Amino acid sequence: MSDCLFCKIVRKEIPAAIVYEDDTLLAFKDINPQAPVHLLLIPKAHCENLNDLTPATAEAAARIPGVAAQLARDHGVAEAGWRLTTNCGIEGGQGVYHLHFHVIGGKPLGSRVCR
Ligand code: 5GP
Ligand code: ZN
């Protein structure tokens, strides 16, 4: 999608600190990290959020938990613990409408998933 921020990162039109890339997924550091490790893991193909999955994007998204776990290991937070989350839509707190999963760790995150 031409005017989507994360599609522009996929196309390398705007810079990002990319930490993982394969045929269908891309991960990069969040520009405003909420924890010592805060990565965004996205399917390369544009898809707004989980409400908008198609068979093609669902196939890529299905690989996200495994790749996220590998990223957690690579960034040294797997043993201590980490979080994988996605915000979906207005009340879900979504800001960027290209499906993305936050991989967060490196500090105690608490047990609450919302406040
Ligand atoms: P959301 O609120 O949609 O779940 O999360 C969007 C995330 O994207 C936020 O954590 C925000 O800091 C991050 N973000 C917004 N713009 C950029 C950008 O241009 N580059 C990077 N790396 N992250 C961004
Ligand atoms: Zn996009």
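The listed residues are 16, 72, 62, 58, and the only one of them that is within 14 Å of the chain's Cα centre (by Cα) and surrounded by fewer than 16 Cβ atoms within 10 Å (Cβ to Cβ) turns out to be 62. For the range 24-41, a tally of residues being surrounded by fewer than 17 Cβ atoms within 10 Å (Cβ to Cβ) and more than 16 Å from residue 99 (Cα to Cα) returns 5.
Can you confirm whether residue 110 is small (Gly, Ala, Ser) and touching a strand residue (DSSP E or B) at 6+ places or on another chain (Cβ under 9 Å)? Criteria not met by residue 110.
Quickly run through the range 33-67 and pick out the residues that are in a helix (DSSP H, G or I) and in contact (Cβ under 8 Å) with a residue 40 or more places away in the chain. Matches in the range 33-67: 50, 52, 57, 67. One residue stands out among those in the range 93-115 that are open to solvent by 30 Å² or more (accessible area, probe 1.4 Å) and under 22 Å from residue 1 (Cα atoms): the one that is farthest from ligand 1 (Cβ to nearest atom), which is 97.
Go through the range 75-92 and report how many residues are within 16 Å of ligand 2 (Cβ to nearest atom) and either open to solvent by 30 Å² or more (accessible area, probe 1.4 Å) or assigned to a strand (DSSP E or B) (or both). Please lay out each step first, then the result.
Taking the range 75-92 and keeping what is within 16 Å of ligand 2 (Cβ to nearest atom), we get 86-89.
Right, trim to either open to solvent by 30 Å² or more (accessible area, probe 1.4 Å) or assigned to a strand (DSSP E or B) (or both) and you get 86-88.
Count: 3.
The values are calculated or read from the model by the stated rules, or taken from the named source; none is laboratory data. Everything numeric here is computed off the predicted structure, so don't read it as measured data. No Cβ is skipped: glycine too gets one built from the backbone with ideal geometry, and neighbour counts run over all protein chains shown. When the accessible area is computed, the model is the full protein with side chains, heavy atoms only, and any ligands, DNA or RNA have been set aside. Shrake-Rupley method; radii C 1.70, N 1.55, O 1.52, S 1.80 Å.
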